[in-house]
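Taking it in order: structure first as C-alpha cells, then the write-up.
The values are calculated or read from the model by the stated rules, or taken from the named source; none is laboratory data. Since we're looking at a predicted model, the values are computed, not measured. In this analysis, Cβ positions are derived from the backbone assuming ideal geometry, glycine residues included, and neighbour counts consider all displayed protein chains.
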Amino acid sequence: MNILHISFECYPIAKVGGLADVVSALPKYQNTHTTDTSVIIPFYKNEFTKGAIYESVHKSTVFMRDTDYSYSVEKVNSPDLGFTTYLVYVEGLLDRPNVYNYEDDAERSIIFQLVVLDWLNTKAGIPDIIHCHDHHTGLIPFLMAHGDPYTQLRDIPTVLTIHNAQYQGKLSYDKLGCLPSFDKNKIGLLDWDQLINPLASAIKCASRVTAVSKSYMLELQERANGLEGLLRQEKDKCVGILNGIDLDTWNTETDPMVIQNYKISNVVSGRKENKKWLCDNFGFDINKPLFGFIGRLVGEKGADLLPEIVQEAYDVNHIDASLLILGSGNKDTEERLTLLKEKYSGLYNTFIGYDEKLSHIVYAGADFLLMPSRVEPCGLNQMYALRYGSIPIVRRTGGLRDTVIDIGDNGFGICHDQASVWDVCYSMKRAVSLYEDQGKYREIQKQIMEIDHSWERSAKEYKRIYELLIPN
C-alpha cells in the first residue's frame, strides 16, 4: 500500500502548530513492510532546508491564471525523518521563510496543490491513497474528481483530516481563474456560503473525512464555524481518530533537549533538575508548585484569559505558586502578559516567542500544565505533559475530554467545564492542594507517565480506513 500525505507543515522542516507534529509522526508509524508512506509539503527557506541535501525528482511548469510557473519537486535525502519527504519549490511563491501570513497565501496554497497534482500525473508510481491535511490541501479531492487535466487520478481514494475547522481557507470567486478547467456543472462542490471554501469542498469530495479526536468530530456537527450542517449531512463518511505522539521524540530517557533525562524510577530527581533550571532562569522559588502554559496566544487556546488569570490568581485567590507562560500570537495579549512581569516578579514570568527546547524543559520541569482551551480538536500538549510527568489542567473540550480524566473521577488530571478565569483559578487551587499531598501527587505522576498515547493504535485505525477504500 502506497500512501501520500499532503500538508503545509511537517516537523522538523516547518512547524507552526500540532499539524506539523502529526504529519511527521503518523507517516513514520505507518511505514511498515507492507505500507510505503511519503509526505509532500512546500519548500521553505529556513534552517532545515539550508542544511538539507536534495535529489530533484521532477521539474516542469504549471499554469495559474495568466502565468506559467516553473517548479521542481525535491526529495529530501535524510533517513532521520523516517519516511520519504518531498518539497515543492516555486520561485517567488514557495521559497519563503514563513509558512503563513503572506498577502498571497491563497495563491501559494493553490499553486502548491496544482504542482502536486501535475507531478502525480507524471509520476510512475501513483499512490493508492491521497491523504490531505486541512484546508491548504482541500481543493485536491475536488480537482482529482472533476479537474480536466487529472482524469488519470480519478479513481484514487482521498482522505481528508480536519485538524482545525476554524480555518477553512475561504476564497472569493475572483480566485476561480487560478484553477484549471473543470466540469462547471460541479461548481457547487466548491461553494459554501457564496464563497469558494476549500475545507467544505474537501468534506464534500473526499472519500473519507477524519477529525483528530472522537469528541471533536461530534463537536463539529454542532460547532464548526458554519460547516455544522455539512458535517451532519456527510456524517456517514466521517470518523474521529485520536492523534498520538511520537514516542521516539517524546522520550524522557533520551530527549536531548531537556536538562536531565529521567524515567519513572527516578522521576523525582530527574524532574527536579529540569524544574531547577526553569526556576533559576525565570526567577522562581523551586519549593513552590510551578504551572506552565505552552501554546499560541490566541482565543482558541483561551490565551486572552491569561492576563486576568495571572491577576486573579495572585491578587484575589492568593495562590502560592509560580506560573510560566511560553507562546506568541495576539499582540495585545503578548503586551499585557509582558507588562505583568514586573508586578508579579518571583511568581510569574513569560517567554514571548516559540522555542522548541524550552517547551521540552517546561514539560519536564513544570508540575502542572494549563490548557484552558475554547477549541482543542485533539491537543498534543496534554499528551506530552502526561508522558513527561506534568499533570494537565484542561477544559473539557475536543481531545482534552478524550484524554484527561479528573482526579475526582478516579482519574489523573484536573478538569473544568468553562473557559473562564474563575474555572481556571479554581482548578489551580485544586492543583496546589494536590501538590501539597506529595504522596498522592507522586503516585499520579508515575501513573500518567505509563499512559500509552503512541501512534501505534491510531496508525492501525487509519490503515483500516485505507483498506476499505482501496478496490480489491
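The single condition among (1) among the acidic types (Asp, Glu); (2) in contact with a Lys or Arg (Cβ under 9 Å, 6 or more places away or on another chain); (3) closer than 22 Å to Met428 by Cβ; (4) assigned to a loop (DSSP other than H, G, I, E, B) that Glu300 does not meet is (4). A single member of Asp248, Asp285, Asp280 is part of a loop (DSSP other than H, G, I, E, B) and modelled with pLDDT of 95 or more, and it is Asp285.
The criterion of at least 3 residues that are surrounded by fewer than 18 Cβ atoms within 10 Å (Cβ to Cβ) is met by the following strands (runs of 3 or more DSSP E) wholly inside the range 6-112: 54-64, 67-76. Sub-6 Å Cβ pairs linking a first residue in the range 426-446 that is closer than 12 Å to Phe368 by Cβ to a second residue that is outside any helix (DSSP H, G or I) and aromatic (Phe, Trp, Tyr), at least 6 apart or interchain, are Ala431/Phe368; Ile444/Phe412, ordered by first then second residue. Just so you know, in the range 218-230 the residues that are in contact (Cβ under 8 Å) with a residue 40 or more places away in the chain and in a helix (DSSP H, G or I) include one that is surrounded by the fewest Cβ atoms within 10 Å (Cβ to Cβ), and it is Glu219.
Per-residue answers, yes or no, for (1) in contact with a Phe, Trp or Tyr (Cβ under 6 Å, 6 or more places away or on another chain); (2) hydroxyl-bearing (Ser, Thr, Tyr):
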{"site": "Thr84", "(1), (2)": "no, yes"}
{"site": "Leu94", "(1), (2)": "yes, no"}
{"site": "Lys123", "(1), (2)": "no, no"}
{"site": "Ile129", "(1), (2)": "yes, no"}
{"site": "Thr151", "(1), (2)": "no, yes"}
{"site": "Asp155", "(1), (2)": "no, no"}
{"site": "Tyr167", "(1), (2)": "no, yes"}
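Of all residues in the range 423-439, none are closer than 29 Å to Glu356 by Cβ and assigned to a strand (DSSP E or B).
Every condition in (1) surrounded by fewer than 19 Cβ atoms within 10 Å (Cβ to Cβ); (2) within 21 Å of Ile140 (Cβ to Cβ); (3) not polar (S, T, N, Q) is met by Val116 except one, and the failing one is (1). Among residues of the range 334-349 being in contact with a strand residue (DSSP E or B) (Cβ under 8 Å, 6 or more places away or on another chain) and free of Cβ contacts under 8 Å to residues at least 24 places away in the same chain, the one that is farthest from Asn281 (Cα to Cα) is Thr338.
Taking the range 88-108 as the range and being of a type outside the set (Val, Ile, Thr), touching a residue at least 12 places away in the same chain (Cβ under 8 Å) and touching a helix residue (DSSP H, G or I) at 6+ places or on another chain (Cβ under 7 Å) as the test, the residues that pass are Leu93, Leu94, Ala106, Glu107. Applying a threshold of 8 Å to beta carbon distances and a minimum spacing of six or more residues, or different chains, the list of pairs starting in the range 303-321 at a residue that is assigned by TED's automatic domain parsing to the domain that holds Val394 and ending at one that is charged (D, E, K, R) and part of a helix (DSSP H, G or I) reads Pro307/Arg336; Asn317/Lys429; Ile319/Lys429.
If we scan the range 450-464, do we find a residue that is modelled with pLDDT of 95 or more, part of a helix (DSSP H, G or I) and aliphatic (A, V, I, L, M)? No, because not a single residue in the range 450-464 is modelled with pLDDT of 95 or more, part of a helix (DSSP H, G or I) and aliphatic (A, V, I, L, M). Counted as qualifying within the range 313-405 are no strands (runs of 3 or more DSSP E), as none has 2 or more residues that are at positive phi and aromatic (Phe, Trp, Tyr). Only residues that are touching a helix residue (DSSP H, G or I) at 6+ places or on another chain (Cβ under 9 Å) and either in contact (Cβ under 8 Å) with a residue 40 or more places away in the chain or buried (at least 18 other Cβ atoms within 10 Å of the Cβ) (or both) were counted across the range 171-212, and they come to 27.
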